[in-house]
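S.K.: Just dropping this structure here.
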Amino acid sequence: MKVVSLFSGAGGLDLGFIMSGHEIIWANDLYKDAVDTYKKNIGEDIILDDIKNIPSDQIPDCDIIIGGFPCQGFSVANTKRHIGDKRNELYKELLRVIKAKKPKFFLAENVKGLTTFEKGSVFKMILSDFESIGYKVKYKVLNAADYGVPQTRQRVIIVGVRNDINWEYEYPKPNHDKNGSNGLPKWVGVGEALSIFPDPDKPNIVPNHIYSKYKLNINGYIGHRLLDPEKPAPTVTARGDSKGGVVILPHPNGTRRMSCRELATVQSFPIDFEFIGNASSIYRQIGNAVPPLLGAAVSKQFNNYKE
């Protein structure tokens, strides 16, 4: 399928779609380092600009629109929140582009918490908005660890099928299991996933194998918890900005932070996927990404569609 990607970031979801045999024909993001990373690893078909500045007629027709839409506008304090709220312009832009291009399908990704935010009222509104522009909509919360990602990252995957398309999307069945039940391999432990890397303090040629010197203080809080090497890592976060402040997971050895390369591996990026920018920027790009293996699992299901 021909894919248009919004809010692409470094391209984790896009890479997953490529792994499933689809073609990215147009992408967009406003973070320059992420766009540079995308161009280096995925392709030149990405526009560096705010989506609000791009008219729909400048976006090519496609079979599917994908993207993890930002949700900062869904303020907890805004109990009377509605689609006209100016703070939700990015969400409105996603609706605008889907409504204008009318692709056969769309796939949107977001944090699990969106489903229960404001007692579920905001999420219900989101689903209703997608339905109102002509789509049959379904959703499911998936755990990336169930698809071979060494991380227990839970995300809601919203899929829309245009009303005139007589086909139903089926969510992918897990190919890994927490305990190795049902004939499936066990979840991938973070220790196993990172065992291939040399000590970043010694000479090496591994791309992006640099790490934050922010001191570890094991106290149970996010970024300061010991990791069990036998289990997947907790969710990689992207708190903070390009100037620093990102919460970086400790290495399972408990002596330092994970390197950028190690964190990318926890997100299931290939080892030859090279990120552009300083360490804080790279950590941010990785934390904001959809794990490519999760992207591959959800995108492969579209291969079952036959016109």
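The values are calculated or read from the model by the stated rules, or taken from the named source; none is laboratory data. Computed from a prediction, not measured in an experiment: that's the story for all the values here. Glycine also receives a Cβ, built like all others from the backbone with ideal geometry; neighbour counts cover every protein chain displayed.
S.K.: Name the residues in the stretch 96-118 that are without any contact (Cβ under 8 Å) to a residue 60 or more places away in the chain, farther than 23 Å from Asn143 by Cβ and not acidic (Asp, Glu), would you?
M.R.: Result: Arg96, Lys99, Ala100.
S.K.: Gly189 passes all but one of (1) in contact with a Leu (Cβ under 6 Å, 6 or more places away or on another chain); (2) modelled with pLDDT of 95 or more; which number fails?
M.R.: The failed condition is (1).
S.K.: Shifting gears a bit: Hey, could you check the stretch 154-208 for residues that are assigned to a strand (DSSP E or B) and in contact with a Ser or Thr (Cβ under 8 Å, 6 or more places away or on another chain) and say which is surrounded by the most Cβ atoms within 10 Å (Cβ to Cβ)?
M.R.: Here is the first cut: in the stretch 154-208, the residues assigned to a strand (DSSP E or B) are 154-162, 177, 186.
Narrowing further to those that are in contact with a Ser or Thr (Cβ under 8 Å, 6 or more places away or on another chain): 154, 156.
Numbers: Gln154: 15, Val156: 18.
Across the stretch 154-208, the extreme among qualifying residues is Val156.
S.K.: Another question, if that's okay. Please state which one of Val137, Val122, Val206, Val156 is in contact (Cβ under 8 Å) with a residue 40 or more places away in the chain, of a type in the set (A, V, I, L, M) and over 30 Å from Arg257 (Cβ atoms). Write out each step before concluding.
M.R.: Working: Val137 fails: in contact (Cβ under 8 Å) with a residue 40 or more places away in the chain; Val206 fails: over 30 Å from Arg257 (Cβ atoms); Val156 fails: over 30 Å from Arg257 (Cβ atoms).
That would be Val122, the only listed residue that is in contact (Cβ under 8 Å) with a residue 40 or more places away in the chain, of a type in the set (A, V, I, L, M) and over 30 Å from Arg257 (Cβ atoms).
S.K.: Mind listing just one residue for me: the one in the stretch 192-241 that is more than 28 Å from Thr37 (Cα to Cα) and hydrophobic (A, V, I, L, M, F, W, C) and, of those, modelled with the lowest pLDDT?
M.R.: Ile218
S.K.: Taking into account only those residues within the stretch 1-18 that are in contact (Cβ under 8 Å) with a residue 40 or more places away in the chain and part of a helix (DSSP H, G or I), which is nearest to Ile59 (Cα to Cα)?
M.R.: Let us first name the residues in the stretch 1-18 that are in contact (Cβ under 8 Å) with a residue 40 or more places away in the chain, namely 1-17.
Checking the rest, the ones that are also part of a helix (DSSP H, G or I) come to 12-17.
On the way: Gly12: 21, Leu13: 19, Asp14: 17, Leu15: 20, Gly16: 21, Phe17: 19 Å.
Result: Asp14.
S.K.: Next question. Counting only residues that are among the charged types (D, E, K, R) and over 22 Å from Phe17 (Cα atoms), which one in the stretch 100-128 is surrounded by the fewest Cβ atoms within 10 Å (Cβ to Cβ)? It would help to see each step written out before you state the result.
M.R.: Residues of the stretch 100-128 that are among the charged types (D, E, K, R), as a first pass: 101-102, 104, 109, 112, 118-119, 124.
Retained after the next criterion (residues that are over 22 Å from Phe17 (Cα atoms)): 118-119, 124.
Values: Glu118: 16, Lys119: 8, Lys124: 12.
Filtering first and then ranking leaves Lys119.
S.K.: I'm checking my understanding of the structure. Among residues of the stretch 201-216 that are polar (S, T, N, Q) and within 27 Å of the chain's Cα centre (by Cα), which one is farthest from Ile286 (Cα to Cα)?
M.R.: Going residue by residue through the stretch 201-216, those that are polar (S, T, N, Q) are 204, 208, 212.
Next, from what is left, pick out any that are within 27 Å of the chain's Cα centre (by Cα): 208, 212.
On the way: Asn208: 11, Ser212: 14 Å.
Among them, the one singled out is Ser212.
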